[in-house]
Amino acid sequence: MEQLTVELVGGDHEHTLDLDQVRDGVRIRYRTEPLMPVFERMISERRYEACEFSLSNYIMLKARGAEWLTGIPVFPQRAFRHASFYVRRDSDLDLGDPARVAGKRIAVPDYSMTLAVWMRGILDHQYGVHWSALRWVVGAQPRFAKLDGLSYETSTKDIEQALIDGDVDILLAPRTRDEKLPQEQRRLRRLIADPQHAEESYLAQTGIYPINHVVVIRNDTLQRVPRLGRVLYEAYDECKARAYERRLGTTLVPWGARHWTQAFAKFQGDPMEYGLTPGNRNVIARLSAYLLDQKLISHMPAPEALFPLEVA
């Protein structure tokens, strides 16, 4: 069988360490890159043959009729994001009193990023603060043009600095530069005082561990390598199984083994579940409903339309 080569780009995760491999006559060349630029380049340039991609952006593209890419139900990144709301240390805002958050200016790197979609939905679901009650400020180069019915402003100023300077009241971002400073020098704090408790409450209420990223393939690449969806699914699944066996966190972190056991028990032994399982369908449906409510899509694509390939 002739060996075909496919370039695959994604994050530097513990469960993707072994993706650079040959499988069923396909040479998978896995390369890690910072993911925010990967998403932007895939949308604007269709640069990669296959890559890790924003799940909210993928649903948006498919809802708009995009026929140049196809997703497979591999979800390399999940995360609870309650810790991603930041305020200044001297701020009196606290989600213990949600009503005080309404009307505030909140900055986010990109309005359509999956982190923002999840947390706008969770603000409403868990705290009763609808996204429309906030004044949104986003970075100067959004991935998608503004849609009708949405009101937000763009800013050329660094959004973390905007929070520090008092131009906005809240920052929603995966991480901050401020967190790298010694504790006594930090100028920011988290809006939710005990984010882990809030995240565990959300899981208990909904059964949802939010999916952030999905694996997508350009359709011209699928035409060249029709079996690629199955090949990549099997490769990711095998690499994840090896990562579970390695239990890296249990050897690098104090009390890691105890935490590993407790965390895995919450998810029936597979917190990074792949495939169109009932649990994953539930998560995708919840994210799609948030996208619909937030006017980022006009209809909710069926899971089979999002993931049409037979891969497992």
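The values are calculated or read from the model by the stated rules, or taken from the named source; none is laboratory data. If you're wondering where the values come from, they're calculated on a predicted model, not measured in any experiment. Here the Cβ is made from the backbone with ideal geometry for all residues, glycine too, and neighbour counts use every protein chain on show.
Looking for something in a loop (DSSP other than H, G, I, E, B) and of a type outside the set (Gly, Ala, Ser) - is there at least one such residue anywhere in the stretch 157-166?
Yes, some residue in the stretch 157-166 is in a loop (DSSP other than H, G, I, E, B) and of a type outside the set (Gly, Ala, Ser).
Just need a number here: residues in the stretch 96-110 that are of a type in the set (Lys, Arg), surrounded by 15 or more Cβ atoms within 10 Å (Cβ to Cβ) and either outside any loop (DSSP other than H, G, I, E, B) or not assigned by TED's automatic domain parsing to the domain that holds TYR86 (or both).
Total meeting the criteria: 1.
Filter the stretch 181-205 for residues that are under 19 Å from the mean Cα position of the chain (by Cα) and within 16 Å of ALA263 (Cβ to Cβ) and give the result.
Passing the criteria: PRO195, GLN196, GLU199, GLU200, TYR202, LEU203.
Just to be sure I understand the filter: pairs with C-beta atoms under 8 Å, separated by 6 or more residues or on different chains, first member in the stretch 218-236 and touching a residue at least 24 places away in the same chain (Cβ under 8 Å), second member aromatic (Phe, Trp, Tyr) and in a loop (DSSP other than H, G, I, E, B). Which pairs pass?
Here the result reads ARG218/TYR48; ARG218/TRP68; ASN219/TRP68; ASP220/TRP68; TYR233/TYR274; TYR236/TYR274, each pair linking the stretch 218-236 to a residue that is aromatic (Phe, Trp, Tyr) and in a loop (DSSP other than H, G, I, E, B).
Taking the condition of being within 26 Å of ARG286 (Cβ to Cβ), modelled with pLDDT of 95 or more and basic (Lys, Arg), how many residues in the stretch 136-183 meet it?
Residues meeting the conditions: 0.
State which residue pairs qualify: first residue hydrophobic (A, V, I, L, M, F, W, C) and inside the stretch 172-190, second residue assigned to a loop (DSSP other than H, G, I, E, B) and at pLDDT below 95 in any location, beta carbons under 8 Å apart, and separation of 6 or more residues or different chains.
These pairs meet every condition: ALA173/PRO109.
Quick one: how many residues across the stretch 22-75 are free of Cβ contacts under 8 Å to residues at least 40 places away in the same chain, more than 26 Å from ALA285 (Cα to Cα) and aliphatic (A, V, I, L, M)?
1
Kindly establish whether VAL87 is touching a helix residue (DSSP H, G or I) at 6+ places or on another chain (Cβ under 6 Å), crowded, with 21+ Cβ neighbours inside 10 Å, among the aliphatic types (A, V, I, L, M) and not assigned by TED's automatic domain parsing to the domain that holds TYR290.
no
Please enumerate the residues belonging to the stretch 1-37 that are acidic (Asp, Glu), in a loop (DSSP other than H, G, I, E, B) and within 24 Å of the chain's Cα centre (by Cα).
Of everything in the stretch 1-37, those that are acidic (Asp, Glu), in a loop (DSSP other than H, G, I, E, B) and within 24 Å of the chain's Cα centre (by Cα) turn out to be ASP12, ASP18, ASP20, GLU33.
Kindly list, by first and then second residue, each pair from a residue in the stretch 260-285 that is under 16 Å from GLU14 (Cα atoms) and outside the structural domain of ILE59 (by TED's automatic domain parsing) to a residue that is surrounded by 14 or more Cβ atoms within 10 Å (Cβ to Cβ) and at pLDDT below 95, limited to pairs with Cβ atoms under 6 Å and residues at least 6 apart or on different chains.
none
In the stretch 272-294, which residues are in a loop (DSSP other than H, G, I, E, B) and surrounded by fewer than 14 Cβ atoms within 10 Å (Cβ to Cβ)?
Of everything in the stretch 272-294, just one residue is in a loop (DSSP other than H, G, I, E, B) and surrounded by fewer than 14 Cβ atoms within 10 Å (Cβ to Cβ), namely THR277.
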